[in-house]
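Just below is one structure, and these are the notes that go with it.
The values are calculated or read from the model by the stated rules, or taken from the named source; none is laboratory data. Since this is a predicted model, take the numbers as computed values, not measurements. With ideal geometry, Cβ positions are generated from the backbone for all residues, glycine too; neighbour counts draw on all protein chains shown. Ligands, DNA and RNA are stripped out before the accessible areas are found, and what is left, the full protein with its side chains, is counted by its heavy atoms. Shrake-Rupley method; radii C 1.70, N 1.55, O 1.52, S 1.80 Å.
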Amino acid sequence: MEQYLCNPLFKKLGSIADEQGISVFVIGGYVRDIFLKRQSKDIDILVIGNGIDYAEKVGKALGTAVSIFKNFGTAMLRYNDLEVEFVGARKESYRSNSRKPIVEDGTLEDDQKRRDFTINTLAISLNKDSYGELTDPFKGIEDMDLRLIRTPLDARETFSDDPLRMMRAIRFAAQLHFVIDEEAINAIKLNKERIGIVSKERVTDELNKIILSECPSVGFEYLFDTGLLELIFPQMAQLYGVEVINGKGHKDNFYHTLEVLDNVAAMSDDLWLRWAAILHDIAKPATKRFDPLHGWSFHGHEDKGARMVPKIFSQLKLPLNEKMKFVQKLVQLHLRPIVLAQALITDSAVRRLLFDAGEDIEALMLLCHADVTTKNEYKKKKYRQNFELVKQKLKSVEERDQIRNWQPPVSGNDIMELFNLKAGKEVGLIKNYIREGILEGEISNTRDEALKFALKKAGELGLKPVRQLL
Ligand code: CTP
């Protein structure tokens, strides 16, 4: 193991511990990540004794400030780009109504068994006489080889003690491409309601990590199958299922959404674009209709979906800022490029799409590309070809008309001065005429043509200019 502890900090930590006559270990995520060949900047140091006293000695030796969290019995310092956390070995017992355990001093093994998963229990000694020795009482290495998420104790106890671990199990499975042990799955099903005692922020933090993993559908399938999704994000769980009337069914919107999400994830790391994929069809259950002649329809699901976004964001404690607006816009517009691709593509339709999507046009095109999940190769090819046409058209129209960052070439102030008007309905009307004129292609996107057009439209409203045009 020594070769993995090449940072001189580890030897230093060991020698300070030797001077104090105490045992110290590096434990948890850092050790796990050594075996998984992942980079980790967080180091957890376990002290058999008082973690805070030891951290203070280390801080003094390194000439570094130490932050102390008395309530948690932990301390932290930064060393170069590393964050080192110190904790005394503990034994924990939990009560039924809280994630906060009753804590007593414990041995290394007491501390290892209170941890969430076997792969997170591995400890490496830093003291000189046993430097680099691995302690693995719960077969964490074996589970790493089997790519298995398993709890060191009875899974029912581990999840009941700290229900956030149910989310963590699924998050690790998604991030590491591991499978969750069957006993653990059953224990999650049994304890799922206890997720209610965990703060929404923490649950969403884990959910976002699942969403940011390479293949997020893995995590969502676990969330759905264990019943957790229904509790933390019921709107998404409701996408599941196929209804059949007169032998006609529709697609399963849950699995379709997961496919779109994975497609987006393969093309972009952006969390909010991934959220747009999750929410693009969220209003399908609420807008579903069956017509004996035409079959299933979901008319208006994009509008209703966009209206649902703020409530979902607030329920999940996601930020109610421009990120939410971005997601809302993409949900609202997600059908537009596809509709364009199916019809004869007019310049004015392209200009309108550019106007409505603005700076987010590329994100929208990516989402729409990901939304084509048909298994019919002929249809897929056709969609993709038309899509390329829309892309080319978007490019050439944008080069010519510059709509995506559109600013009115004639401002409200210009109009007020020109016709000696006060701010009000007429100014708004004239501005709308100009915008519509440009989008419809009646006039070009230039100040000159826009002013002339304003004059004509104002004349129709009975207004006369009070000064010359500039
Ligand atoms: N731990 C736990 N139960 C929790 C949270 C953490 O048992 N609810 C333990 C695990 O042993 C874990 C260690 O505390 O390895 C450190 O936790 P944390 O830093 O949250 O996770 P990491 O395992 O380091 O992974 P990541 O940094 O990806 O969150």
Counting only residues that are part of a loop (DSSP other than H, G, I, E, B), open to solvent by less than 50 Å² (accessible area, probe 1.4 Å) and of a type outside the set (Ser, Thr, Tyr), region 55-89 contains a total of 2
Filtering region 203-231 down to residues that are open to solvent by 40 Å² or more (accessible area, probe 1.4 Å) and outside any helix (DSSP H, G or I) yields Leu212, Glu214, Cys215
Residues in region 2-54 that are open to solvent by 60 Å² or more (accessible area, probe 1.4 Å) and either more than 15 Å from the ligand (Cβ to nearest atom) or aromatic (Phe, Trp, Tyr) (or both) total 14
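Please return the ranges of helices (runs of 4 or more DSSP H) entirely within region 302-367 where 2 or more residues are over 24 Å from Leu439 (Cβ atoms) and either touching a helix residue (DSSP H, G or I) at 6+ places or on another chain (Cβ under 8 Å) or acidic (Asp, Glu) (or both). Even if it seems obvious, please write down each step before you answer.
Numbers: elements: 322-333, 336-342, 347-357.
Filter on region 302-367 gives 322-333.
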Taking first residues from region 282-295 that are within 19 Å of Asn253 (Cα to Cα) and second residues anywhere that are open to solvent by 50 Å² or more (accessible area, probe 1.4 Å) and of a type in the set (A, V, I, L, M), the pairs with Cβ under 7 Å that are 6 or more apart or on different chains are Phe290/Ile245
Of (1) assigned to a helix (DSSP H, G or I); (2) free of Cβ contacts under 8 Å to residues at least 60 places away in the same chain; (3) under 26 Å from Leu271 (Cβ atoms), Gln235 satisfies every one except (2)
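Being in a helix (DSSP H, G or I), farther than 30 Å from Lys57 by Cβ and within 33 Å of the chain's Cα centre (by Cα), is that true of even one residue in region 93-115? Talk me through it step by step, then tell me what you get.
Pass one, region 93-115, residues in a helix (DSSP H, G or I): 108-113.
Imposing the further condition that a residue be farther than 30 Å from Lys57 by Cβ reduces the set to none.
Scanning region 93-115 turns up no residue that is in a helix (DSSP H, G or I), farther than 30 Å from Lys57 by Cβ and within 33 Å of the chain's Cα centre (by Cα).
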| said: Any residue at all in region 116-128 that's away from the ligand (no atom under 15 Å from the Cβ) and farther than 18 Å from Gly51 by Cα? | reply: yes
Flagged in region 433-470 as in contact with a Leu (Cβ under 6 Å, 6 or more places away or on another chain) and either part of a loop (DSSP other than H, G, I, E, B) or over 17 Å from Pro408 (Cα atoms) (or both), in numbering order, are Pro465, Leu469
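One line per residue, one yes/no per condition, for (1) in contact (Cβ under 8 Å) with a residue 12 or more places away in the chain; (2) closer than 19 Å to Leu46 by Cα; (3) open to solvent by less than 30 Å² (accessible area, probe 1.4 Å); (4) more than 10 Å from the ligand (Cβ to nearest atom):
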{"residue": "Glu92", "(1), (2), (3), (4)": "yes, yes, no, no"}
{"residue": "Val103", "(1), (2), (3), (4)": "yes, yes, no, yes"}
{"residue": "Gly132", "(1), (2), (3), (4)": "yes, yes, yes, yes"}
{"residue": "Asp145", "(1), (2), (3), (4)": "no, no, no, yes"}
{"residue": "Ile149", "(1), (2), (3), (4)": "yes, no, yes, yes"}
Residue set Leu228, Leu207, Leu223, Leu190; condition within 19 Å of Leu261 (Cβ to Cβ) and away from the ligand (no atom under 16 Å from the Cβ); output residue Leu223
Taking region 151-174 and keeping residues without any contact (Cβ under 8 Å) to a residue 40 or more places away in the chain, open to solvent by less than 60 Å² (accessible area, probe 1.4 Å) and in a helix (DSSP H, G or I) leaves Ala155, Phe159
In the set Ala265, Ala286, Ala277, the lone residue that is modelled with pLDDT of 95 or more, surrounded by fewer than 18 Cβ atoms within 10 Å (Cβ to Cβ) and either polar (S, T, N, Q) or part of a helix (DSSP H, G or I) (or both) is Ala286
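Answer with yes or no whether Leu389 is open to solvent by less than 70 Å² (accessible area, probe 1.4 Å), over 30 Å from Glu206 (Cα atoms) and not charged (D, E, K, R).
Details: open to solvent by less than 70 Å² (accessible area, probe 1.4 Å): no; over 30 Å from Glu206 (Cα atoms): yes; not charged (D, E, K, R): yes.
Against the criterion (open to solvent by less than 70 Å² (accessible area, probe 1.4 Å), over 30 Å from Glu206 (Cα atoms) and not charged (D, E, K, R)), Leu389 does not qualify.
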